[in-house]
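Presented below is the structure to which this report refers.
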Amino acid sequence: MTSIFNARWWSTFWNADHEDERFAVASLARGRVRLRTLSNLRWLAVAGQSATLFLVHFGLNYRLPFVSCIIAIALSALLNVVLAIRYPATHRLTNREASFYLAYDIVQLAALLYLTGGIENPFTLMFLAPVVIAAATLDLGNTLILAGLAFLSVSVIAVSHAPLPWAANESLPLPPLYLGGIWASLVIGIGFTSIYAWRIASEGTRMQAGLSATQLALAREHRLASLGALATAAAHELGTPLGTIAVVARELERALPPDSPEAEDVRLLRAQAERCRGILTRLARPEESALGTAERLPLGALLDEIANEYRGGEVEIAISLASGDDGEPKVWRVPELLHGLGNIVANAADFALSEVRIDAYWTAAELRLLVEDDGPGFAPEILERIGEPYVTSRPGSYALGETELGPRDAFAGQQGMGLGFFIAKTLIERTGGSVRARNLAGKGARVAIRWPRGAIDGERQPGPVTIL
């Protein structure tokens with residue numbers, strides 16, 4: 001029964017962990033626009049275009065090709081009806097699908113403006129709407145395609161269009177220079193707003209992707225930490241039957257002749273039972289188990305535990321503790337600190353030439369760690385952006401391209417002080433600390449971490465991390 005329970009627990013642990021990764025990758029693969037969102041915006045456009053058309057034609061008695069305009073508006077309404085029948089309301093569009101529907105909106109608007117005065121019509125400003133929506137939700141390539149289509153449409157209706165609807169027997173001639181200014185303002189406005197919206201959306205998407213990866217990484221650490229409770233329960237449940245086996249084996253060993261084959265088997269059985277009891281005893285002690293639950297450890301012991309994972313190679317990791325008046329602080333051994341500090345030490349070890357130094361200082365007001373390496377240091381041009389998701393700060397490392405909204409893979413870019421440093425910074429800041437990075441005067445880099453006293457060494461364990 002215990003083995004079945006353990007198998008099921010491990011299966012749940014493994015499947016839940018990888019299901020989160022698959023969900024993250026699937027979310028990035030699909031577009032971020034729901035069909036209902038575009039459909040609702042198109043219904044608003046249909047309502048506004050219809051109201052304007054009826055007001056101009058019947059209210060102001062201006063002449064315009066009423067039937068042709070009604071057909072153009074009806075096509076948008078028909079498209080919405082077909083999409084509502086074809087897809088569920090929660091359907092998310094791919095980049096290609098969203099680009100196609102937004103391209104239709106641009107062409108439909110261009111057709112209406114062609115019939116009603118071209119760029120002389122004040123509603124040419126509405127060309128901004130589909131381009132800004134594309135910039136905020138699609139990748140750069142599709143945004144440029146739609147912006148180019150909008151530029152082409154504005155240029156076409158600037159030189160070829162029906163007369164502007166106006167009162168009978170009156171005309172409103174506009175100077176060519178003025179019309180050229182309108183065309184230039186539209187082109188510049190479309191270009192500026194699309195670039196601005198894309199940059200804002202790009203930063204938001206990168207941050208969201210980074211926080212999602214942080215959530216997954218922290219969830220793994222919490223699942224691993226929860227194994228300590230399972231190990232303790234297993235040690236408690238199995239301790240009694242193993243003790244009984246050991247006692248019975250000892251009695252059998254005494255009853256059998258010392259030189260008999262059966263006595264040798266009984267001695268082996270008792271030795272293996274004692275070995276099992278020793279393993280369970282170690283599992284029941286969190287301070288001796290790598291899967292132990294949260295506890296308080298001396299700062300030096302915690303740093304040594306984190307550094308041990310990266311020792312044994314060509315880079316030496318040295319730990320130095322400054323003596324304080326109140327003795328070495330005891331900090332909480334929680335997944336946030338283990339994962340956050342582990343990422344920083346790992347990145348320092350990756351780029352160090354021969355040595356990584358971890359110096360710890362503490363006073364009555366603060367606790368401070370300095371992680372230094374003798375590597376090439378941070379690239380000066382992006383030093384101020386250290387800690388943003390998918391930003392690589394070391395020479396020769398991979399970083400997310402500036403022309404992409406997000407990573408192609410849910411965990412792309414975790415190497416080279418990209419997402420890894422972002423996760424470390426986020427986790428440490430959620431425990432009440434702050435992280436700063438700079439280059440040393442000679443060579444190498446320094447990451448300084450500070451906590452107010454009591455944040456990680458107080459009587460209460462740091463609270464759970466909530467990442468929105």
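The values are calculated or read from the model by the stated rules, or taken from the named source; none is laboratory data. Not measured: the values here are computed from a predicted model. Cβ placement follows ideal geometry from the backbone for every residue including glycine, while neighbour counts extend to all protein chains displayed. Accessible surface is based on the protein model in full, side chains and every heavy atom, while ligands, DNA and RNA are left aside. Shrake-Rupley method; radii C 1.70, N 1.55, O 1.52, S 1.80 Å.
Structural remarks
- With the highest mean first, a sort of the peptides 426-436, 176-186, 193-203 on other beta-carbon atoms found within 10 angstrom per residue produces 426-436, 193-203, 176-186.
- Sites Val247 and Ile319 - FRET efficiency at Förster radius 30 Å, r taken between beta-carbons, to 0.05: 0.10
- Qualifying chymotrypsin sites (Phe, Trp or Tyr not before Pro) in segment 333-388, where qualification requires a DSSP coil assignment and no more than 16 other C-beta atoms within 10 Å, are lacking entirely.
- For Gly117, distant residues with modelled amide H under 5 Å away: Ala162
- Sites listed here are GluC sites (Glu not before Pro) in segment 96-187 whose DSSP assignment is loop and whose Cβ has at most 10 other Cβ atoms within 10 Å: Glu170.
- Estimated at the nearest 10 Å², the accessible area of Asp350 is 100 Å² with a 1.4 Å probe.
- Karplus-based coupling profile of segment 335-348, in residue order and whole Hz: x, 4, 6, 4, 6, x, 5, x, 5, 5, 5, 4, 5, 5, with θ = phi - 60° in 6.51 cos²θ - 1.76 cosθ + 1.60 and x standing for Gly or Pro.
- Spacing of the two label points (7 Å from each Cα toward its C-beta) at Cys276 and Ala89, in nm: 5.8
- Environment charge of Tyr62, counting only residues whose C-beta is closer than 15 Å and scoring Lys/Arg +1, Asp/Glu -1: -1
- Theoretical FRET efficiency, 1/(1+(r/R0)^6), r = Cβ-Cβ of Leu268 and Glu309, R0 35 Å, to 0.05: 0.45
- By accessible area with a 1.4 Å probe, ligands and nucleic acids excluded, highest first: order of Ser160, Ser171: Ser171, Ser160
- Largest-first ordering by accessible area, 1.4 Å probe, given options Ile190, Ile85: Ile85, Ile190
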